[in-house]
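Inspection log for the structure reproduced underneath, given as structure tokens.
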Amino acid sequence: MEYFVQQLINGLTLGSIYGLIAIGYTMVYGIIGMINFAHGDVFMVGSFIGLLLFLMIGLTAATPLVVIILALIGVLIVAMALTAVWGWTIERLAYRPLRGSFRLAPLITAIGMSIVLTNLVQIAQGARVKNLPPDIKDRLAGGFTVLRGADGFDAVVSYRQLVIVGVTVTLMAFFTWLITSTSLGRAQRACEQDRTMAALTGVDVDRTISITFVIGAALAAVAGVMFLVYYGAIDFYIGFVAGIKAFTAAVLGGIGSLPGAMLGGLLIGLIEVFWAGYVGSEYKDVAAFSILALVLIFRPEGLLGRPEIEKV
Amino acid sequence: MTAGSRPILEVDGLGMRFGGLVAVDGLAFSAQRGQITALIGPNGAGKTTVFNCVTGFYRPTSGRITVQHDDGRSFALQSMPGHRICHQAKVARTFQNIRLFAGMSLLENLLVAQHNKLMRASLFTVGGLIGLPGFAAAERAAVEIAKHWLERVGLVDRADDAAGDLPYGDQRRLEIARAMCTGPALLCLDEPAAGLNPRESRELNQLLLSMRGENGLSILLIEHDMGVVMEISDHIVVLDYGKKIAEGTPAQIRNDPAVIAAYLGVEDEETAIAVTTGARP
């Protein structure tokens with residue numbers, strides 16, 4: 001039982017990170033019908049920005065916990081802002097000029113953009129694994145015991161996991177509000193349904209698309225910083241696997257659906273962790289992708305997606 | 001000549017070619033302020049193409065399209081992007097095939113049309129986040145405007161339903177309401193009466209007549225239903241093969257030999273008779 005609870009906690013944490021990335025995929029797909037394959041690498045860039053910021057602040061083992069938490073919030077905000085600029089630039093340079101081109105063109109530039117980002121970071125930061133200073137990691141490693149096991153195994157929620165889940169829930173609530181009840185969100189949904197008509201009712205479609213990329217990149221930065229704090233080590237290649245997993249999560253939940261992306265992320269995280277915990281970690285990715293294949297066969301629109309209805 | 005007496009819309013030398021096909025050729029006409037101007041003609045005459053040029057959907061091959069506001073400002077529509085045509089030149093339109101945001105509620109459809117105003121009021125959402133009082137007031141005002149138009153088109157009971165669930169005739173009226181929520185000076189309606197039954201069509205006439213001139217609104221209309229055209233238009237422009245063949249009041253058009261010939265020349269004899277008698281085809 002303790003083991004199960006522990007896996008559940010770990011799965012939810014990992015799933016939160018996947019969910020945050022998946023939102024970026026799903027929002028961009030919703031508004032321009034394109035899979036932004038560079039999004040995983042935007043997540044990686046966000047993670048590196050977070051790491052550099054932590055190193056610049058230079059926390060030590062003697063720093064009080066309050067300061068560390070304040071530093072974490074500061075890093076999150078700055079990383080979100082800087083990564084958002086990356087997201088905006090990518091859209092402006094690589095996707096906007098191709099809008100109105102054939103469907104595959106932006107897909108191909110997205111793959112190109114992904115390679116560019118990976119290599120850029122590899123050259124700038126080196127190919128070796130980078131570590132978060134152990135001081136910060138250790139200070140956040142403590143936690144509560146939620147369930148004490150008879151055989152000495154306790155289920156523990158660490159502060160890091162609490163931070164990750166807490167930040168994710170807050171951001172989800174905030175963005176759900178943004179999409180459902182603000183003018184910006186209404187414009188985004190209008191562009192999603194009919195871009196031309198949205199323009200004719202006075203919505204600046206290009207700007208709305210840019211904002212979508214900015215929001216997606218900011219959320220990816222949050223996921224990046226969370227990943228950094230959780231695992232303590234990153235390299236230039238983390239965007240690939242995390243990106244594919246998050247994309248899978250978006251498809252699983254129903255691409256284009258915001259709650260679907262979050263649900264998909266949580267499910268992928270849970271499947272992965274439970275598979276690794278009970279079956280063996282060798283085939284955890286196979287398990288996640290097999291579930292995806294099953295969903296695509298029996299429910300192609302995803303768990304929360306709307307089925308496409310072709311009107312005649 | 002003062003700004004107030006100049007036409008709201010002046011089209012001059014308008015040409016639109018698609019490859020070898022000349023859809024509109026050297027067209028010139030104007031729509032007077034506060035009036036209903038109808039654009040009629042046989043199928044394929046180029047009416048919708050003219051509309052698409054006016055609303056920025058197409059970039060015309062040649063010619064000038066000028067909108068002149070009450071305050072004397074004028075806008076050259078042929079070189080403006082679509083969202084500016086709506087928000088600065090204040091030209092709104094509806095489509096022949098309905099293009100509502102089907103997945104959004106009626107109210108939201110009308111609020112999207114007020115997007116620019118709300119974005120400015122909320123300082124591009126930032127103000128809304130920190131809860132500026134001006135933002136909440138702007139949002140309330142926008143909802144009031146939306147409610148006003150829902151009442152005008154008789155759909156206020158269904159404000160929270162998805163627009164796609166409305167019956168056809170209601171969707172048409174909602175489209176007009178949405179166009180009006182952008183606060184237009186010129187409203188372009190592409191076959192608003194298409195697919196309406198006679199009662200709905202009469203209600204539409206009433207609605208359009210009541211809207212005309214309200215806050216200086218002018219209407220440009222494409223319509224095949226001659227009952228509607230002859231009853232509500234102040235001025236009619238007749239197109240055939242992309243060229244203007246006649247213009248004038250409904251009475252003049254009804255007796256114009258060129259118009260009769262254009263309509264009799266096509267297979268649809270009933271329409272020709274309708275033009276000349278003013279009856280419904």
Can you pull out the residues in the stretch A:252-284 that are of a type outside the set (S, T, N, Q), more than 17 Å from the chain's Cα centre (by Cα) and surrounded by fewer than 20 Cβ atoms within 10 Å (Cβ to Cβ)? A:274, A:276, A:277, A:278, A:279, A:280, A:282, A:283, A:284
Looking only at the stretch B:17-56, filter to residues that are without any contact (Cβ under 8 Å) to a residue 60 or more places away in the chain and in contact with a helix residue (DSSP H, G or I) (Cβ under 9 Å, 6 or more places away or on another chain); which one of those is nearest to residue B:247 (Cα to Cα)? B:53
Of the listed residues (A:223, A:249, A:242, A:190), the one being more than 14 Å from every other protein chain (Cβ to nearest Cβ), touching a Phe, Trp or Tyr at 6+ places or on another chain (Cβ under 7 Å), farther than 24 Å from residue A:119 by Cβ and not in a strand (DSSP E or B) is A:249
What's the total number of residues in the stretch A:132-155 that are without any contact (Cβ under 8 Å) to a residue 40 or more places away in the chain and part of a strand (DSSP E or B)? 3
Residue check, residue A:84 more than 28 Å from residue A:254 (Cα to Cα) and at pLDDT 95 or above: no
Considering only helices (runs of 4 or more DSSP H) fully contained in the stretch A:32-129, which possess at least 1 residues that are open to solvent by 30 Å² or more (accessible area, probe 1.4 Å) and small (Gly, Ala, Ser)? A:65-90, A:104-125
Any chance you could count how many residues in the stretch B:66-86 are acidic (Asp, Glu) and free of Cβ contacts under 8 Å to residues at least 40 places away in the same chain? 0
Subset of the stretch B:148-157 [touching a helix residue (DSSP H, G or I) at 6+ places or on another chain (Cβ under 6 Å) and open to solvent by 30 Å² or more (accessible area, probe 1.4 Å)]: B:156
Step by step: first the residues of the stretch B:118-147, then only those that are buried (at least 21 other Cβ atoms within 10 Å of the Cβ) and closer than 20 Å to residue B:86 by Cβ, then the one that is modelled with the highest pLDDT. Which residue is that? B:146
Tally time: how many residues in the stretch A:192-209 are more than 14 Å from residue B:93 (Cβ to Cβ) and in contact with a Gly (Cβ under 9 Å, 6 or more places away or on another chain)? 3
Unmet requirement for residue A:150, which otherwise passes all of (1) touching a helix residue (DSSP H, G or I) at 6+ places or on another chain (Cβ under 7 Å); (2) more than 20 Å from residue A:78 (Cβ to Cβ); (3) away from chain B (no Cβ under 14 Å): (1)
Those residues of the stretch A:130-140 that are surrounded by 13 or more Cβ atoms within 10 Å (Cβ to Cβ) and either modelled with pLDDT under 75 or among the small types (Gly, Ala, Ser) (or both) come to a total of 5
Counting only residues that are open to solvent by 20 Å² or more (accessible area, probe 1.4 Å) and of a type in the set (Gly, Ala, Ser), which one in the stretch A:171-187 is nearest to the other protein chains (Cβ to nearest Cβ)? A:181
Given the residues A:206, A:151, which is the only one that is more than 18 Å from residue A:20 (Cβ to Cβ), of a type in the set (Asp, Glu) and surrounded by 14 or more Cβ atoms within 10 Å (Cβ to Cβ)? A:206
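Yes/no matrix, rows are residues, columns are (1) within 14 Å of another protein chain (Cβ to nearest Cβ); (2) over 23 Å from residue A:118 (Cβ atoms):
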{"residue": "A:201", "(1), (2)": "yes, yes"}
{"residue": "A:230", "(1), (2)": "no, no"}
{"residue": "A:253", "(1), (2)": "no, yes"}
{"residue": "A:256", "(1), (2)": "yes, yes"}
{"residue": "A:270", "(1), (2)": "no, yes"}
{"residue": "A:294", "(1), (2)": "no, yes"}
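The values are calculated or read from the model by the stated rules, or taken from the named source; none is laboratory data. None of the values given here were measured: they were computed from a predicted structure. Counting neighbours? That spans all protein chains shown, and the Cβs are built from the backbone with ideal geometry, glycine included. Accessible surface is based on the protein model in full, side chains and every heavy atom, while ligands, DNA and RNA are left aside. Shrake-Rupley method; radii C 1.70, N 1.55, O 1.52, S 1.80 Å.
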